[in-house]
1. Sorted from fewest to most neighbouring beta carbons within 10 Å, what does the list Val15, Val179 look like?
2. How would you rank Asp16, Asp80, going from fewest to most other Cβ atoms within 10 Å of each one's own Cβ?
3. Considering only the other residues whose Cβ falls under 11 Å of the Cβ of Ile47, what net charge follows from Lys and Arg at +1 and Asp and Glu at -1?
Amino acid sequence: MTAPIGSIVAFAGSVDAAWETANGWLLCDGRMLARSDPQYAPLFDAIGFFWGGDLRDQFHVPDLRGYFLRGVDAARDGRDPDHDARGENHENGQTGNAVGSVQGWGTALPRDDHAMIRVAPAGRHHHTMSFELNATRDVDGQDNTVAYPGPTHTTDPVGPHVHELTGGHRETRPVNAYVNWIIRFQ
């Protein structure tokens, strides 16, 4: 069975203009195409302006570079709780709960108590840390007097204060591998 025009699949190889022409698939890179061009008219018939365009003669191929794909929450059953806040992939593209809309990153709050990170003002307390009190090493021309690991030491207690959590990654994402998303145009 041949995939219908407008089908998007993951492709594990390289894609260039010669490959596209020879195979009838385009890289999903957001380029504009003329709906009047006979080779792209069937693709326009399948996807229209869902992914943006000038609403007259030019339409966009989906731009899926760097995206994970997600099924439309047509039942609005809460699988995508922010479905109505989705934006357009390109100007004049679909928004909300529709094919062609996109969604920025988000980081969900933990849902069970053992995963919660609580940071709140604390009363007078101390911290226990492992470090060597008298260790030295040269860091950028200056002695650094804390080396890890070492014996356990306790800091002096201080009054109420708040701890700031830092670190982490720039996005929340599952383990992933790169592919080329391609769309069938003929």
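Bear in mind these aren't lab numbers, they're just calculated from the coordinates by the rules spelled out. All figures in this text were calculated on a predicted structure; none of them were measured in a lab. Heads up, the Cβs are rebuilt from the backbone with ideal geometry, glycines too, and the neighbour counts pull from every protein chain shown.
1. Ranking Val15, Val179 by Cβ neighbours within 10 Å, fewest first, gives Val179, Val15.
2. Asp16, Asp80
3. Cβ neighbours under 11 Å give a net charge of +1.
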